[in-house]
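First comes the structure, then the notes that go with it.
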Amino acid sequence: MSVTFGILGPVVAWDGDGRPIALRGLRHRAVLARLVVARGRVVPVGRLVEDLWADPPSDAVGAVRTFVAALRRALEPERRPRTPARLLVTVGPGYALHTEDDRVDSRLFEQLLSGAAALPPEQALPRLEQALGCWRGPALADFPEEIWARTERSRLSELRLSAVERQAEARLALGRAADAVPDLDAHVSEHPWREDAWRLLALALYRSGRQGEALAVLARARNLLVEQLGIDPGPALRRLETDILAQDHRLDPVEPSGSPGRVWADAAAAYDRTLTSGPRARLESTVDLLRNLAVTGGGGLEAARKHRLATISAAEELGDSELTARVIGSYDVPAIWTQADDPQHSADVIASAERTLMGLQPGGHEAARARLLTTIALESRGTRSARALQAARQAEQIARRLQDPALLAFALNGVFMQTFYRAGLSARRDSTGAEVIALAARHGLITYEVLGHLIRVQARSAVADFAGAERHAAAADRLAERNELPLVGVFTQWYRALRLAATGPPPEAEAAYRAAAGRLEGVGMPGVERGLLPLALLCLRVRHRQPAQADERADWGPHRQWAAPLVLLAEDRRTEAEELLDRLPDPPPGLLYEALWCLVAQAAVTVSHRAAMERAHAALLPAEAELAGAGSGVLTCGSVRRHLHDLATALKQTR
């Protein structure tokens, strides 16, 4: 099971010792490559036939099965006859390749590239170098003309070009301009239409003390664009040429700074030196900075949270309710997770929003009022607040009346966060996600378009529509890559681990979960991170009717009391589990609501705890047609119908 696959060059596979595996003919490699490109999805045999032959022979289906059998023997030589394959598996009408992302060079490349986005240059550079080191030649080099390979090759090639330029930017940021020149020189020769590559090469030459060559590079770029495309260089190239001629100090190398806190301090110092307007303008400008900082993840998200409260407090001290409303409501950072990262922070923001609402003059300031109401709905996530549900509905009504797209997108985020007051509401969230996508796409609201796709990833997963969920995950990934939104990849990787947990073997799902958990470290989202891995692994065991593993040392985070009965039973502490079920509260409303109830249900069935079984049955019944917990986009306990059946059977036995 330690086979590694490569498509960043000729299609290859390596065994656990790094030795190439003999894959026989070109069509054998084509089948393997086609399954790698499918990223774990099932490829029907008919589609494989269409992809392998322009004019299929009469025995094409049999030939494909022969190719698959040969590949299975090559990939799993120690597998016993008539035992099921674990890598190249049969699923329904076709085949799928089940393997961890880090066992495929293209997926490892994408992971490294995505992971580098949120890191400072000194940490990003080795990741980018490792990512580019995955390439052995053109992607899918054996299949330059095949239609099925074209889209994936184009996508991967574009990512590689972006990685080369990001590597150069990191080297420049670290004062290694001379190191950047050779790769950039080759890069612009092969891809002469990438203006940013010309800019980076000229800047690298200038910082290497080669001013004349830098100007010559810019002249080459200008001539190429004018003569070949009939267009002038863009503003970045024109500005760089002007700055080089003037030897502008802005082109001088910047001392690298490793910590997000230092970056923030330097930016704030520059802001203080240059902004001459009064405190109101400063506060409103600060919110804009914080909003952009929040979507960078890691230290940026934590810094934004910290400075947000200080900004709100400063606005309140000025005694201007309209200003405070703008400061609170302008922080319209999309939210997808229903567990607050910092509950006290949320409570403080809600209190400020309520005070500000009371201070606004009635009959006016409708947009500001809607933003404050949405803020209350968002910051009340994971609670049973009737006020928050009311606030979300009021904000939506105002936004629709005002016909303000950005305001409506923000309000719909609040509506989404308040659609967890009972189980079985995934269809409603799916509808909200679809509206957010359409609205955001029409009006260029990129972060909300991503939000809409992530909402639909969750909602489609809830009903086991993983083909639909994957389309939205891929769309979110594309938007994130183009717009430098590194946190998106955290959620899409967890979704793909969920998909494997719902459809694949437990060992591979567990490995995928552990890999996804590694992405959570340091992203600044403790509400997501704390307890999620042990909860996902426990749900995986429950789905496969395996007993919990006794591990009291695990950090269950906010999920501890609902996981605890099963953990206690795994330690043969039945009495303690029963006592805990006696006093166990309902799980909080949110993305994990159904999953936590299923854990309670299984513990209650095990000890025949009638009261807990009745509560779990009533709570889960509205979600009977869903996968328990899959609406979170991260984990599942399996079919809710199965858990309801277990509960109903046990309840009959305890009459």
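Can you spot a residue in segment 99-120 that is under 29 Å from the mean Cα position of the chain (by Cα), among the polar types (S, T, N, Q), at pLDDT below 90 and under 30 Å from GLU169 (Cα atoms)?
So in segment 99-120, the residues under 29 Å from the mean Cα position of the chain (by Cα) come out as 99-120.
Checking the rest, the ones that are also among the polar types (S, T, N, Q) come to 99, 106, 111, 114.
Among the residues that remain, those that are also at pLDDT below 90 are: 114.
Subsequent filtering for residues that are under 30 Å from GLU169 (Cα atoms) retains 114.
Scanning segment 99-120 turns up at least one residue that is under 29 Å from the mean Cα position of the chain (by Cα), among the polar types (S, T, N, Q), at pLDDT below 90 and under 30 Å from GLU169 (Cα atoms).
I'm told ASP332 meets every condition in (1) crowded, with 21+ Cβ neighbours inside 10 Å; (2) modelled with pLDDT of 95 or more; (3) of a type in the set (Asp, Glu) except one. Can you identify the failing condition by its number?
Evaluating ASP332 over (1) crowded, with 21+ Cβ neighbours inside 10 Å; (2) modelled with pLDDT of 95 or more; (3) of a type in the set (Asp, Glu) leaves (2) as the failure.
Exactly one condition in (1) part of a helix (DSSP H, G or I); (2) crowded, with 21+ Cβ neighbours inside 10 Å; (3) more than 11 Å from the chain's Cα centre (by Cα) is false for ALA427; which is it?
Result: ALA427 fails condition (2) only.
Name every residue in segment 342-367 that is open to solvent by less than 50 Å² (accessible area, probe 1.4 Å) and assigned to a loop (DSSP other than H, G, I, E, B), in order of residue number.
Those that are open to solvent by less than 50 Å² (accessible area, probe 1.4 Å) and assigned to a loop (DSSP other than H, G, I, E, B): LEU360, GLY364.
Could you run through segment 116-145 and say how many residues are part of a loop (DSSP other than H, G, I, E, B) and either more than 16 Å from ARG34 (Cβ to Cβ) or open to solvent by less than 20 Å² (accessible area, probe 1.4 Å) (or both)? Can you show your working first?
Of segment 116-145, the ones part of a loop (DSSP other than H, G, I, E, B) are 117-120, 133-145.
Filter again for either more than 16 Å from ARG34 (Cβ to Cβ) or open to solvent by less than 20 Å² (accessible area, probe 1.4 Å) (or both), leaving 117-120, 133-140, 143.
Residues in segment 116-145 being part of a loop (DSSP other than H, G, I, E, B) and either more than 16 Å from ARG34 (Cβ to Cβ) or open to solvent by less than 20 Å² (accessible area, probe 1.4 Å) (or both): 13 in total.
For residues that are farther than 19 Å from TYR421 by Cβ and either over 33 Å from the mean Cα position of the chain (by Cα) or small (Gly, Ala, Ser) (or both), tally how many sit in segment 604-629. It would help to see each step written out before you state the result.
Kept after step one, since they are farther than 19 Å from TYR421 by Cβ, are these residues of segment 604-629: 604-614, 627.
Still in the list and also either over 33 Å from the mean Cα position of the chain (by Cα) or small (Gly, Ala, Ser) (or both): 604-614.
Count: 11.
Checking GLU484 against (1) open to solvent by less than 40 Å² (accessible area, probe 1.4 Å); (2) on the phi > 0 side of the Ramachandran plot, which test does it fail?
(1)
Anything in segment 373-405 that is closer than 24 Å to ALA340 by Cβ, open to solvent by 20 Å² or more (accessible area, probe 1.4 Å) and of a type outside the set (D, E, K, R)? List them, or say none.
Filtering segment 373-405 down to residues closer than 24 Å to ALA340 by Cβ leaves 373-396, 399.
Checking which are open to solvent by 20 Å² or more (accessible area, probe 1.4 Å) leaves us with 379, 381-387, 389-390, 393-394, 396.
Selection gives GLY382, THR383, SER385, ALA386, LEU389, GLN390, GLN394.
What pairs come out if I take residues in segment 170-184 that are without any contact (Cβ under 8 Å) to a residue 24 or more places away in the chain and under 13 Å from LEU201 (Cβ atoms) and pair them with residues that are open to solvent by 10 Å² or more (accessible area, probe 1.4 Å) and in a helix (DSSP H, G or I) whose C-beta lies under 6 Å away, six or more apart or interchain?
Close Cβ pairs satisfying both conditions: ASP179/ARG171.
What residue, of ARG239, ARG210, ARG199, is over 40 Å from the mean Cα position of the chain (by Cα) and open to solvent by 20 Å² or more (accessible area, probe 1.4 Å)? I'd like the intermediate steps shown before the answer.
Details: ARG239 fails: over 40 Å from the mean Cα position of the chain (by Cα); ARG199 fails: over 40 Å from the mean Cα position of the chain (by Cα).
Of ARG239, ARG210, ARG199, the one residue that is over 40 Å from the mean Cα position of the chain (by Cα) and open to solvent by 20 Å² or more (accessible area, probe 1.4 Å) is ARG210.
Of the residues ARG19, ARG47, ARG34, ARG73, which single one is touching a Lys or Arg at 6+ places or on another chain (Cβ under 9 Å), surrounded by fewer than 14 Cβ atoms within 10 Å (Cβ to Cβ) and of a type outside the set (A, V, I, L, M)? First the steps, then the outcome.
Details: ARG19 fails: touching a Lys or Arg at 6+ places or on another chain (Cβ under 9 Å); ARG47 fails: surrounded by fewer than 14 Cβ atoms within 10 Å (Cβ to Cβ); ARG34 fails: surrounded by fewer than 14 Cβ atoms within 10 Å (Cβ to Cβ).
Result: ARG73 is the single residue among ARG19, ARG47, ARG34, ARG73 that is touching a Lys or Arg at 6+ places or on another chain (Cβ under 9 Å), surrounded by fewer than 14 Cβ atoms within 10 Å (Cβ to Cβ) and of a type outside the set (A, V, I, L, M).
I need the full set of residues from segment 320-341 which are assigned to a helix (DSSP H, G or I) and charged (D, E, K, R), in order please.
First, pick out the residues of segment 320-341 that are assigned to a helix (DSSP H, G or I): 321-329.
Scanning segment 320-341 gives GLU322, ARG326.
If I filter segment 10-17 for residues that are among the β-branched types (Val, Ile, Thr) and closer than 30 Å to LEU128 by Cα, do I get at least one hit? Step through it out loud before you land on a result.
Initially, segment 10-17 is screened for residues among the β-branched types (Val, Ile, Thr), giving 11-12.
Narrowing the set further to residues that are closer than 30 Å to LEU128 by Cα leaves 11-12.
Within segment 10-17, one or more residues are among the β-branched types (Val, Ile, Thr) and closer than 30 Å to LEU128 by Cα.
Hey, ALA268 hits all of (1) surrounded by 15 or more Cβ atoms within 10 Å (Cβ to Cβ); (2) at pLDDT below 75; (3) not in a loop (DSSP other than H, G, I, E, B) but one; which does it fall short on?
Failed condition: (1).
Which one of these does ALA314 not meet: (1) at pLDDT 75 or above; (2) closer than 20 Å to LEU485 by Cα; (3) touching a Pro at 6+ places or on another chain (Cβ under 9 Å); (4) open to solvent by less than 50 Å² (accessible area, probe 1.4 Å)?
(2)
Condition test on TYR448, is it in contact (Cβ under 8 Å) with a residue 60 or more places away in the chain, touching a helix residue (DSSP H, G or I) at 6+ places or on another chain (Cβ under 6 Å) and not acidic (Asp, Glu)?
On the way: in contact (Cβ under 8 Å) with a residue 60 or more places away in the chain: yes; touching a helix residue (DSSP H, G or I) at 6+ places or on another chain (Cβ under 6 Å): yes; not acidic (Asp, Glu): yes.
Taking the combined requirement at face value, the residue satisfies it.
Being free of Cβ contacts under 8 Å to residues at least 40 places away in the same chain and charged (D, E, K, R) is the filter; apply it to segment 77-115 and report the residue that is surrounded by the most Cβ atoms within 10 Å (Cβ to Cβ).
So, considering only residues that are free of Cβ contacts under 8 Å to residues at least 40 places away in the same chain and charged (D, E, K, R), the one surrounded by the most Cβ atoms within 10 Å (Cβ to Cβ) is ARG79.
Could you check segment 506-518 and list, in sequence order, the residues that are of a type outside the set (Asp, Glu), out of contact with any His (no Cβ under 7 Å at 6 or more places or on another chain) and surrounded by fewer than 21 Cβ atoms within 10 Å (Cβ to Cβ)? Give the derivation first.
First, pick out the residues of segment 506-518 that are of a type outside the set (Asp, Glu): 506-507, 509, 511-518.
In the following step, the residues that additionally are out of contact with any His (no Cβ under 7 Å at 6 or more places or on another chain) were identified as 507, 509, 511-518.
Correct list: PRO507, ALA511, ARG514, ALA515, ALA517, GLY518.
Could you give me the residue pairs with C-beta distances under 8 Å whose first residue belongs to segment 119-145 and is within 23 Å of VAL12 (Cα to Cα) and touching a residue at least 12 places away in the same chain (Cβ under 8 Å), whose second residue is surrounded by fewer than 14 Cβ atoms within 10 Å (Cβ to Cβ) and not acidic (Asp, Glu) wherever it lies, and which are 6+ apart or on separate chains?
Every condition considered, the pairs that remain are PRO138/PRO144; ASP142/LEU26.
Being out of contact with any helix residue (DSSP H, G or I) (no Cβ under 6 Å at 6 or more places or on another chain) and either outside any helix (DSSP H, G or I) or not basic (Lys, Arg) (or both) is the filter; apply it to segment 368-401 and report the residue that is farthest from GLN344 (Cα to Cα).
Applying the first criterion (out of contact with any helix residue (DSSP H, G or I) (no Cβ under 6 Å at 6 or more places or on another chain)) to segment 368-401 yields 369, 382-387, 389-390, 393, 397, 400-401.
Next, from what is left, pick out any that are either outside any helix (DSSP H, G or I) or not basic (Lys, Arg) (or both): 382-386, 389-390, 397.
Working: GLY382: 13, THR383: 13, ARG384: 16, SER385: 16, ALA386: 19, LEU389: 20, GLN390: 22, GLN397: 29 Å.
The residue in question is GLN397.
Go through segment 638-655 and report how many residues are within 15 Å of SER426 (Cβ to Cβ) and either buried (at least 21 other Cβ atoms within 10 Å of the Cβ) or touching a strand residue (DSSP E or B) at 6+ places or on another chain (Cβ under 8 Å) (or both). Write out each step before concluding.
Looking only at segment 638-655, we keep the residues that are within 15 Å of SER426 (Cβ to Cβ), and these are 639-641.
After this cut, where a residue has to be either buried (at least 21 other Cβ atoms within 10 Å of the Cβ) or touching a strand residue (DSSP E or B) at 6+ places or on another chain (Cβ under 8 Å) (or both) as well, the list is 639-640.
Within segment 638-655, residues that are within 15 Å of SER426 (Cβ to Cβ) and either buried (at least 21 other Cβ atoms within 10 Å of the Cβ) or touching a strand residue (DSSP E or B) at 6+ places or on another chain (Cβ under 8 Å) (or both) number 2.
The values are calculated or read from the model by the stated rules, or taken from the named source; none is laboratory data. Only a predicted model underlies this, so the values are computations on that prediction, with no experimental measurement involved. All Cβ positions, glycine included, derive from the backbone under ideal geometry; neighbour counts span all protein chains shown. Side chains are part of the model used for accessible areas, which takes the heavy atoms of the whole protein and leaves out ligands, DNA and RNA. Shrake-Rupley method; radii C 1.70, N 1.55, O 1.52, S 1.80 Å.
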